[in-house]
Structures are given as C-alpha cells and as structure tokens.
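Shown next, in structure tokens, is the structure this report addresses.
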Amino acid sequence: MKKLLSTTAMAMVLATVGIAQAQEDELRRIIEQQQQQIEALERRFEQMDGDAWSAREQIERIDRMRAEDLEDTVTRGDHPGSFKLPGTNTSVAIGGYVKADLIYDIGADVGDTFAASAIPADGSAGDRKNGNFRSHAKQTRLNFTSWTPTEIGEAKLFLEGDFFGQGGNQTFSNSTTFRLRHAFGEVGPILAGQTWTLFMPLTSYPETVDFFGPAGIPFIRQGQLRYTHQIDDAWSVAGSIENSEFSGRTEDGTTVGADGGDLRFGVDTLPDFVAAVSYDRDGWHGRLAGVARLFDTEDAGSDDRAFGWGLTASAVVPTFGDDSFQANVTFGDGVGRYIINGFNQDAFVEDDGDLDTIRSWGLALGYTHHWNDRFRSNLVYGRYQVLDTNLATDTDSLDTVHANLIWEPDPKLRFGVEYIFGRRGFDDGGLDNTAHRVQFAAQFLF
C-alpha cells in the first residue's frame, strides 16, 4: 500500500509539472505573438510618421515654388490702376495722354502756345502776316507713379515729362526732345524734388484748351523742399524753400547776362521762401500764398542786393449744379518770374549795377458751365499789369480771353475747340496790338 501511494503521488507531481510546463510554453508563445504585433505596429507607426514628414516636405516644397512663382508674377497694386512690381511691395501706375493741337492764328503767329507777351508791336514785321496754321503734339506727356510702404509711412514717387523740349523743325520730322516736368518724392508731410511752386494756385486754375492758359496767373515748376501740415479735414498750412533765380533786364532792355559782359546775375545766395494756407470743403476753396526773394548781382565796379516779394489769393466758389467760379489775384514787387507772362521782369539792373525791382499784378477769372455730363464750357479772362516800365517797347499790360467748348464722351477721351483773344499794351501806346486764335484739340488719356 505504501508503495502504491508513493507511486501515485509521484505521478501526480509529474502531471502537475507537465501541466505547468505546457502553460508556461503557451504563455511564452502568446507573449511572443504580442511582441511581434507590437513590433509590427511600431514599424507601421514609423512608416506613417515618415509618410507624414514626406507630405509636410511636399507642402513646404509647393509653398516655396509658389513663392518663387509669385516673385515673377504681376499682381494688383494697393492703389487704383496700379500693379505690384514682381518680388516687391511697391505699387506702380503708368499714365499720361496724347494730345493733338490744330491751331489757326488770325493775323500774327504767336507760337505753339498762346503767349500774349509774344504778340508783336503794331506795324512791326511780325505783325504783317495774313494768318498762320500749325499742328503739333508737343503737349503729349508720360508719367510714372510708385508707392512703397516704409517704417515712417508710404513713400510716393512721381515722375513726368512732355515734348515741349528743344529741337525739331516743321520742314522734315517735327521731332522735339522729351523734357522734365515733375520729379519728386513724398513721405508723410515732406516733399522733395521738382514740381509746381507752392506759390501757384493749382485748385483754382481755370481750364483752357490752350496749354499756356490765361495771362496774369502764377505758373512755374522748380526744385524745392516742402512741408505740409493738415490741421483738420479742411485747413492746411505749408512752407517751402525753392530754387531761386533772378530774371531781369538792363536799362537798355538786354536780358541780364545775355550780353557776355562782366555782370553776373542769379548769384542765388538764398533760396526763395514760400508759405501758403488753404481751405477745401464741399467744393469751396480758398488759398493765400506768399513768396519772399533776395536778388543779388555783381559787376566789375559794384554789386547790389534787393528784396522781392509777392502775394496771391485764390478761390473756387460753387454756383449752380456742377458749375463753379474761379478767381486768382497776384501782386508783388520783384515777383515777375512767378507770373506766367513776367519773364525778365523781376528787376532792372542799372548801369552802375544797382537793382530796381519791378512791381506788377495779375488777375485771372474763370467760369465753368456744365451743359450736361459730357459737355462743358469755360470762359476765362486774364490780365497782367506792369507798374514799372523803362523803354517804349516794354510791355505795359496783357489781356487774354479764352472761350471754349469741351466734349468728354468718356473719361479717357476729350475734344475741345477754343477761341482766344489777346491784347498787348506797350509803354508807347501807339505800339499796342491784338491777336486772335482758333484752336482744336483731341486728347487721348491712358
């Protein structure tokens, strides 16, 4: 019995050990399978992560390609009618127009523009003409504007020229050179470069088909440094230092410096100083401007200095509908160069080199009537009066009248016909003379 029990116990132990071994083997197999599954999942995750990085790289590559393409692509600019220079944040606009003028002078020929100061004296050789026709496109102009954001504000650049330069002849090619009109930059309240003088009343300038416009109104472009302060939405003040140049004559009528003598002019020790205050609101405009000047000359025996000054007041007054009245008045002593007809009338240079400034005044009035949204007319009167004359052939006064009809079928098309009358008065009244002109113009803007 003992032997039987011992044998039975041993068998039970061996059976238990066998079962445990089998269970251990099964557990090891299950663990191995799970480890294989984990490793498979890890490989899959690694592959997925690699795929994600590959997709990310593809997106970045596409973005880089798009950026490179944009650097060579023209896009819309920040201002109407402008485009962005490829690869920059600068907006650019190109503009201008072609203008054809057909002119017939009834009597004396006064030039490509109606300059009343060019009307010849009565009975002179230039007065003995039976009429003159001319046609040209010299007023045609081209301009370039750009705007660039900067840390101190948007910087604006403006460049413009036309073809009223030198050269050309009517016999063969009628070619003339391109000349500079405007070249300036603006950032914030600062302007630097060449443009209209601050003394000039741009807003109230009457509209004429003739390029020259009425007598007696300020008109000049020159280099300057200007500061403008906008007080509110209507009022502004501005000041500038501008290019100075003495435009005068000797006692015998010779343009200063033209005789090749020792006399020096335009020494320009100081700039011209200009200031203006303006009001603009709801079509109403008012402006007052002043200029202060210093003239300086030298010759072999003496030199002299003289002070010149000028004031101009201007206004635009709305009347009926879109109609308006424009008024400009200018007065000064030594302000001739700033008035459209005042060339060589800043001062006389006496034989001993002393300066005698010339007083003068100007008046320009205009009325604009809109017949409808496409037709308008302007009636413009101008007068320039010189209060100091020297020779019998000196200009004493100028009067001009412009009457026109302008048809604008499209903002980019403009056609006009104009009658112009001019009268030139001399120191010797017996030389007074008149001129008449009819002018047609076709203007194509872009």
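The values are calculated or read from the model by the stated rules, or taken from the named source; none is laboratory data. No experiment lies behind these values; they were computed from the predicted model shown. Note that each Cβ is placed from the backbone with ideal geometry, even for glycine, and that neighbours are counted across all protein chains shown.
Brief remarks on what is shown
- Search result, residues across segment 391-438 that are surrounded by fewer than 16 Cβ atoms within 10 Å (Cβ to Cβ) and closer than 24 Å to V349 by Cβ: L391, A392, T393, D427, D428
- Restricting the search to strands (runs of 3 or more DSSP E) fully inside segment 325-379 and requiring at least 3 residues that are in the same structural domain as F211 (by TED's automatic domain parsing) and under 25 Å from the mean Cα position of the chain (by Cα) gives 359-370.
- One residue alone among G286, G321, G336, G366 is under 16 Å from V386 (Cβ atoms) and either in contact (Cβ under 8 Å) with a residue 24 or more places away in the chain or surrounded by 24 or more Cβ atoms within 10 Å (Cβ to Cβ) (or both), and that residue is G336.
- Of all residues in segment 182-206, those being hydrophobic (A, V, I, L, M, F, W, C) and assigned to a strand (DSSP E or B) number 7.
- Residue that is part of a helix (DSSP H, G or I), more than 29 Å from P411 (Cα to Cα), over 60 Å from the mean Cα position of the chain (by Cα) and modelled with pLDDT under 75, where the choices are A20, A67, A40: A20
- Any hit, segment 136-149, residues being basic (K, R), surrounded by 14 or more Cβ atoms within 10 Å (Cβ to Cβ) and farther than 30 Å from G362 by Cα: no
- Across segment 112-132, not a single residue is classified as touching a Pro at 6+ places or on another chain (Cβ under 8 Å), buried (at least 18 other Cβ atoms within 10 Å of the Cβ), at pLDDT below 95 and not basic (K, R).
- Sub-8 Å Cβ pairs linking a first residue in segment 297-308 that is assigned by TED's automatic domain parsing to the domain that holds D354 to a second residue that is modelled with pLDDT under 70 and exposed (fewer than 14 other Cβ atoms within 10 Å of the Cβ), at least 6 apart or interchain, are D299/G261; D299/D262; A300/D262, ordered by first then second residue.
- Scanning segment 389-414 for residues that are part of a strand (DSSP E or B), in contact (Cβ under 8 Å) with a residue 60 or more places away in the chain and over 26 Å from the mean Cα position of the chain (by Cα) yields T395, L398, D399, T400, H402, N404.
- Of all residues making up segment 392-427, the number that are among the acidic types (D, E) and in contact with a Ser or Thr (Cβ under 7 Å, 6 or more places away or on another chain): 3
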